[in-house]
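As structure tokens, the structure follows; a few thoughts come after it.
The values are calculated or read from the model by the stated rules, or taken from the named source; none is laboratory data. Every value quoted in this text rests on a predicted model; they were computed, and no experiment measured them. As a convention, Cβ positions derive from the backbone with ideal geometry for all residues, glycine included, and neighbour counts pool all protein chains shown.
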Amino acid sequence: MAAPKFAFLLLKLISVLPLLVTSFSADRPTDRRILVLLDDLSLKSSHSLFFSSLKSRGFDLDFKRADDPSIAVKRYGQYMYDGLILLSPSTDRFGGSLDMEGVLDFVDSGHDLIVAADANASDLIRNIAAECGVDFDEDPSAVVVDHSSYAVSETEGDHTLIAADDFIQSDVILGNKKIEAPVLFKGIGHSLNPGNSMVLKALSASSSSYSTNPSSKLSSQPPSLYGTAISLVSVVQARNAARIMISGSLDMFSNRLFRAGVQKSGSLNKYEKSGNEQFITELSKWIFHERGHLKAANLRHNKVGESEEPLMYRINDDLEFSVEIFEWSGSSWVPHVSKDVQVQFYMMSPYVLKTLSTNEKGLYHTSFKVPDVYGVFQFKVEYQKLGYTSLSLSKQIPVRPFKHNEYERFITTAFPYYGASFSMMAGFFIFSGVYLYNK
Amino acid sequence: MATQETSQSATFCHAFGNVLSFAVLLLIGVMAFSIRLFSVIKYESVIHEFDPYFNYRVTQFLTKSGVYDFWNWFDDRTWYPLGRVIGGTVYPGLTLTAGTLWRILNSMNIPLSVETVCVFTAPVFSAFASWATYLLTKEIKGAGAGLTAAALLAMVPSYISRSVAGSYDNEAVAIFALIFTFYLYIKTLNTGSLFYATLNAIAYFYMVCSWGGYTFIINLIPMHVLLCIVTGRYSPRLYIAYAPLVVLGTLLAALVPVVGFNAVMTSEHFASFLVFIIIHVVALVYYIKGILSPQMFKVAVTLVVSVGMVVCFAVLAVLIALVASSPTKGWSGRSLSLLDPTYASKYIPIIASVSEHQPPTWPSYFMDINVLAFLVPAGIIACFLPLSDASSFAVLYIVTSVYFSGVMVRLMLVLAPAACIMSGIALSEAFDVFTRSIKFHLVGATQSPQDNAGDTTKVTQNDVKHEKSEVTIKERSSRKSKKKDKENIERPSLVSRVEKRLLVLPLETSVIAVFLLVLLGAFYVVHCVWAAAEAYSAPSIVLTSRSHDGLHVFDDFREAYAWLSHNTEVDDKVASWWDYGYQTTAMANRTVIVDNNTWNNTHIATVGTAMSSPEKAAWDIFNSLDVKYVLVVFGGFVGYPSDDINKFLWMVRIGGGVFPHIKEPDYLRDGQYRIDSQATPTMLNCLMYKLSYFRFVETDGRGFDRVRNTEIGKKHFKLTHFEEVFTTHHWMVRIYKLKSPRNRIRGKTKKSKLKSGTSISSKRSGTRKKNPWQ
């Protein structure tokens, strides 16, 4: 009776196993299962180039209408997806159990998110963006207009299709290959709080752009958003390394703009194909942790000449410190090579700050002398670099003063005093002998 | 004289008296031990209060790691991140004593735990202290006074308060060491024996090991020596009693790591060296006086005095310049506040904030030494009849200790032995007179009173009889042994004593007086037992309260510490006001920022500033110190008055002393400290208020604080940077965790909120507000 039941359980377990293995983990940070929420399932075909590029990179895409009542990202406390793509700018509320809180919790538990808004984006999408530090133009009908760097087309339009080429300067985020062609963008702009260090402009508008309702007349008041303050596409890396991409345009993901040729107004260069595909693909690689994900391991330290890690150092000890840093290449961990990793020997403030030298195989090491101060120190590696996940390691290590028998026993400068004491002792001895027996 | 008469009965009485006094001393020891067991019987066998927990932890370390590791111990679990070199900053006497006791017991296969040994160290040493008192008083005024004093000391409430079972503090062994050092000093002074002088230096060394109060000895003894010299009582015995003590004692004291070079460099020790010089000069003068003729001596004196004055002034000027160049004039803060009682409150709030450093109130004298306060003057008078070297020391001891006890309430402890000695002398002398009168009337009618020898034996017999009838007062003993001492030491005083013996009071007066004295003693005993049982036995980590529905036990402290030790990581740091530092390290085994060893004022001020700051600023401070948990003690729910809100003004004061942006007037409304609706906004927004009263209104619906007897000012508020993780059963200890920083940073929330409020249902905006922090 029991045996078949057990075999059945085992079978079930085995069928679950690959799912567990392929899911997001610290060891394999690339996402696997992605939920795509669409306003309309027709987007599946109109944006198929974007989706197929994801699929070809090994992602499992799960398409749902945004108001599908069966939407659930979480079951029994476990997230069923590693990433979420919201191509549903006009959805007022999600179907099923997902709501804004759910999306934010999803992000806060370390998962990634791509949000595309559009003109007349719903408050739901606006609020999600605001929670991530991105403020869309409050005027619901406003779009980004640019009369000097629009994309030239056959019909003279209202200059809302923008050819933007002001990318973020980061090979980590946008890949090594330079994006030659401008990116076609049609949608709403947003602004970022300059005090917010986590959100970055991946694609910003030109200085001649502004955000307004193209059908209404320009008022005498300046528009609320204008110039380079407008961000078209922004990326956020949260403290827990969750990555978010927020775009003001749904169209920029579409097959039509992927394939379209582009000529920026005032420029003679005409490109056969817009930069959209390259831009979106590279950005999505970054968002889904195929690039720029670091891990540190094997933080070690020991006294010079020893290999064991001590429980405590003594002041003025010489020590060696090493840490290994690897970067995720999308399929495996490769050594991260950089010349600017530093270690701090820290007790309320850094007493030692040294740049680590690397052996190009991921190992970073240095050696230094423990300062002449005792206390509870920390080895701290704080590595925050644009595009990379931030590394913040610390390891506590107490530093003790000399033991009572570790001081020098005889000091040359004190020899007069030694002489004084011994001569005094000898003198006292002789005096006692003479005094006692000289009668 | 009795010994000259080798009659059978006298020898028998002599032996009988010795055995009896031995038995009485044994019983006194048993009483001293057992009267301190109320805390174990009424509560349990636990370490009490704050400092004992540290001593207990150190003892544990000592028994586990040995003496050398203890000596070199750098503790990384306190004063994070500075750490503390415990081996070099602790008085090791108590710890070594208890550790040795434990080792001896274990080697005898008596498997007691370290905690048990620590709990019972104080009672054991109080028995030793009463025996030392017997010895000291015997040297001063004879065995009768010695037994009386020992019995009084065994149960004096002031000493009980510091030495009940579980009160494992330095004072527990230090009082014994103090009395024993004085005994050996007087013994040396009386005998002139170099052997006792050496023992005296060793006893002094033990005292230095045990307690910072050793400076009292090293100042009192020079004072006495100076007094003897000034009053013309210089003798070679005095020299032998003093000079070896200074030399050996200072050398030995310098061996204790915590004292080290302080033994020769601080002003506390200055008096002893000055007197050391003076006694040598005096000795030289006496020597020269002995070998020169009077005329020559006069010439020599004028010569030496004129030269000596010049040298003295030069040396003095150099010394004054040296001392004046240091900011505190070479005195430690605690010592300065002894000399100038207002010093601490003016300059060092951290010393003034400790309740035991406050001056005592008058009732506390009656509470702590009870009837002894009335007997002391009589004892002083008795010491002057006649004045010997030893009795002048006793007088000096009581006078100085009365002054010091008036400055600092904890120094009542030093007064107690002096008061016991004086009262012992007074009672003993009084009984002496009264019983002699009674005996004279009953027996003396037939016998000649002039027969001194016969008289003495009779007194002895009479006293012994008296003893049997009086159970409560066991101070009677052989007059003979006392007499023998007197003959050896104070031959001149014998004459006056003999004359005094002839003073006889009427029989009725004597009987009534004896009766009244016994009544006084009985009253004292009743008071002492009451104090031991009710007032001084509470361990303060377990509280009890009696109400109409029975006894309530508040075990919140241990509940909180147990929670910390079970639910937090080993290396997590816990911030609290320094009072709870020792307990947290000892009971919860977690790293603390500050503790009761208040060696770093800035660090304490940092914690005080954090507690007085608004949430965000406090979070920043705590985060910079790697603090994970914040612990506050809150008594408003059950009415426990010594909670953090009542200590809060000290936090503000100490914090403001270092960080001037914290200003005490901001927390006071018209100079009044209040937490009700009249409180200042700074007060209502500071971290301590918020952590204490968070969710408090949920208990009774209106937030009534039972300690301050008022409704709190701000009842409904949320914490943004801290989250409550644990609150004990009676709300006495509340533990908060620092929230980690936000995972995301929101955009311009106000605008989007306004927007969502206008267009989206209110339900959504309500949920949005809920989770600002991840």
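Quick notes on this one:
- So residue B:232, is it modelled with pLDDT under 95, part of a helix (DSSP H, G or I) and of a type in the set (Gly, Ala, Ser): no
- Sole exception among (1) closer than 21 Å to residue B:49 by Cβ; (2) at pLDDT 90 or above for residue B:513, by number: (1)
- Taken as a whole, the condition of being within 32 Å of the chain's Cα centre (by Cα), crowded, with 17+ Cβ neighbours inside 10 Å, under 16 Å from residue B:153 (Cβ atoms) and modelled with pLDDT of 85 or more applies to residue B:405.
- When residues of the stretch A:310-324 are limited to those that are within 14 Å of another protein chain (Cβ to nearest Cβ) and within 17 Å of residue A:407 (Cα to Cα), the one surrounded by the most Cβ atoms within 10 Å (Cβ to Cβ): A:313
- Filtered residues of the stretch B:157-195 (kept if aliphatic (A, V, I, L, M), outside any helix (DSSP H, G or I) and under 14 Å from the mean Cα position of the chain (by Cα)): B:164
- Scanning the stretch A:182-228 for residues that are within 14 Å of chain B (Cβ to nearest Cβ) and farther than 20 Å from residue A:252 by Cβ turns up A:193, A:194, A:195, A:196, A:197, A:198, A:224.
- Identity of the residue in the stretch B:214-251, among the small types (Gly, Ala, Ser) and within 19 Å of residue B:199 (Cβ to Cβ), that ends up surrounded by the most Cβ atoms within 10 Å (Cβ to Cβ): B:241
- Among (1) within 14 Å of chain A (Cβ to nearest Cβ); (2) surrounded by fewer than 18 Cβ atoms within 10 Å (Cβ to Cβ), the one test that residue B:34 misses: (1)
- Filtered residues of the stretch B:59-104 (kept if facing another protein chain (nearest Cβ under 10 Å) and at positive phi): B:79, B:83
- Those residues of the stretch A:246-289 which are part of a loop (DSSP other than H, G, I, E, B) and surrounded by fewer than 20 Cβ atoms within 10 Å (Cβ to Cβ), in sequence order: A:260, A:261, A:265, A:266, A:267, A:268, A:269, A:272, A:273
- The condition of being within 33 Å of the chain's Cα centre (by Cα) and either aromatic (Phe, Trp, Tyr) or within 14 Å of chain B (Cβ to nearest Cβ) (or both) holds for residue A:379.
- Scanning the stretch B:728-749 for residues that are closer than 22 Å to residue B:689 by Cα and either within 14 Å of chain A (Cβ to nearest Cβ) or part of a loop (DSSP other than H, G, I, E, B) (or both) yields B:728, B:729, B:730, B:731, B:732, B:739, B:740.
- The condition of being under 23 Å from residue A:40 (Cβ atoms), hydroxyl-bearing (Ser, Thr, Tyr) and more than 14 Å from every other protein chain (Cβ to nearest Cβ) holds for only one of A:97, A:88, that being A:88.
- Restricting attention to the stretch A:47-80, the residues being in contact (Cβ under 8 Å) with a residue 24 or more places away in the chain and surrounded by 18 or more Cβ atoms within 10 Å (Cβ to Cβ) number 11.
- Among the residues of the stretch A:395-426, just one is among the small types (Gly, Ala, Ser) and within 14 Å of chain B (Cβ to nearest Cβ), namely A:421.
- Boolean, residue A:102 is surrounded by fewer than 19 Cβ atoms within 10 Å (Cβ to Cβ), closer than 24 Å to residue B:745 by Cα and more than 10 Å from chain B (Cβ to nearest Cβ): yes
- Pair list, Cβ under 7 Å, 6 or more apart: the stretch B:250-277 residue more than 14 Å from every other protein chain (Cβ to nearest Cβ), other residue modelled with pLDDT of 85 or more and not in a helix (DSSP H, G or I): B:253/B:259
- Some residue of the stretch A:306-314 being on the phi > 0 side of the Ramachandran plot and either within 34 Å of the chain's Cα centre (by Cα) or not in a strand (DSSP E or B) (or both): no
- Only one entry in B:19, B:40 is of a type in the set (A, V, I, L, M), within 25 Å of the chain's Cα centre (by Cα) and either assigned to a helix (DSSP H, G or I) or over 22 Å from residue B:129 (Cβ atoms) (or both), namely B:40.
- In the stretch A:105-141, residue nearest to the other protein chains (Cβ to nearest Cβ) [restricted to those that are in contact with a Leu (Cβ under 8 Å, 6 or more places away or on another chain) and small (Gly, Ala, Ser)]: A:133
- Checking residue A:236 against (1) surrounded by fewer than 23 Cβ atoms within 10 Å (Cβ to Cβ); (2) at pLDDT 90 or above, the condition it does not meet: (1)
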